[in-house]
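Shown next, in structure tokens, is the structure this report addresses.
The values are calculated or read from the model by the stated rules, or taken from the named source; none is laboratory data. These numbers come from a predicted model, not from an experiment. Neighbour counts run over all protein chains shown; Cβ positions are idealised from the backbone, glycine included. Only protein heavy atoms, including side chains, enter the accessible area calculation; ligands, DNA and RNA are left aside. Shrake-Rupley method; radii C 1.70, N 1.55, O 1.52, S 1.80 Å.
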Amino acid sequence: MRIPFMAGNWKMFKTKAEAKAFAEEFKGLYEGTDVETAICAPFTTLEVLVEEFGGTKIGVGAQNVHFADEGAYTGEISVGMLEEIGVDFCIVGHSERRQYFGETDETVNLKLKKLLTSSIRPIMCAGESLEQRDAGKLFDVVKGQLINGLEGISRDDMIKIVVAYEPIWAIGTGRTATPEQAGEMCAFIRNTLIEMYDEDVADQVIIQYGGSVKPANATEIMNMEEIDGALVGGASLKAKDFMEIIDF
Ligand code: PEP
């Protein structure tokens, strides 16, 4: 059975002091909850969050990583550096990274493979643009991202990866996919994983929906059979809002 998993993506928001204040409030609200959760936060706040969430079930995630062990890659952070501070998750292939920072299916694949040599679980994002949806290419696009991004990844490693379906047109726009649209694509992703691996693997993979999830729409999205959780941007910045989503 898959346990629901809600991850927050803070993007480039919150200073260390703001992260600490959030954590102090959120810990209290979250106590006793069964739904699994993590906050994916800016690099500069990760250590504070790991410290604050120590002894709780709340995970901490990064939003990006480099695929090399070390080297002349100015501005980058390695998997080992994240592991050293106790990070649990790392987002890979977010559409903002693909759009503004040249992330490709090939770099997604390299990053996934590197993360899978560590204890850090990847949250791999996939999703189509509005043009691709309107042109009826949505399923081909997402399938391509899965086939190329997951190339060479074993069955055992696949079950450690969380897949987040994030239609680009619904991210930060206030325009949410309908529960049916989100559910249809998450079911398609699971079927693609059956084709690529098998039913046993596909059954174990957590598939999230992300795109303007908020307290008001979390229940109907989470009621869709193939949706196991959400990747939440804007609404994860306030502890009470994020907790309401977790409590869907
Ligand atoms: C995201 O950044 O992954 C996201 C889904 O953002 P938002 O919830 O703000 O649309």
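Observations on the model:
- Among the residues of region 47-74, those that are assigned to a helix (DSSP H, G or I) and either within 21 Å of VAL108 (Cβ to Cβ) or open to solvent by 60 Å² or more (accessible area, probe 1.4 Å) (or both) comprise GLU47, GLU51.
- Taken over region 10-41, the criterion of being within 16 Å of the ligand (Cβ to nearest atom) and under 14 Å from ASP88 (Cα atoms) is satisfied by THR37, ALA38, ILE39, CYS40, ALA41.
- Residue within region 20-32 that is hydrophobic (A, V, I, L, M, F, W, C) and over 17 Å from LYS240 (Cα atoms) present: no
- Residue-level check: of (1) open to solvent by 50 Å² or more (accessible area, probe 1.4 Å); (2) under 24 Å from VAL141 (Cα atoms); (3) away from the ligand (no atom under 16 Å from the Cβ); (4) assigned to a helix (DSSP H, G or I), THR44 misses just (2).
- When the test is whether a residue is within 16 Å of the chain's Cα centre (by Cα) and in contact (Cβ under 8 Å) with a residue 60 or more places away in the chain, ILE207 does not pass it.
- Note on region 197-211: residues that are more than 16 Å from the ligand (Cβ to nearest atom) and open to solvent by less than 60 Å² (accessible area, probe 1.4 Å) amount to 5.
- Flag if ILE189 is in contact with a Pro (Cβ under 9 Å, 6 or more places away or on another chain) and either within 23 Å of CYS90 (Cα to Cα) or open to solvent by less than 60 Å² (accessible area, probe 1.4 Å) (or both): no
- Residue, surrounded by the most Cβ atoms within 10 Å (Cβ to Cβ), within region 86-103, restricted to residues that are more than 13 Å from the ligand (Cβ to nearest atom) and farther than 16 Å from VAL163 by Cα: VAL87
- Filtered residues of region 106-118 (kept if open to solvent by less than 60 Å² (accessible area, probe 1.4 Å) and either at pLDDT below 95 or over 16 Å from the mean Cα position of the chain (by Cα) (or both)): THR107, LYS114, SER118
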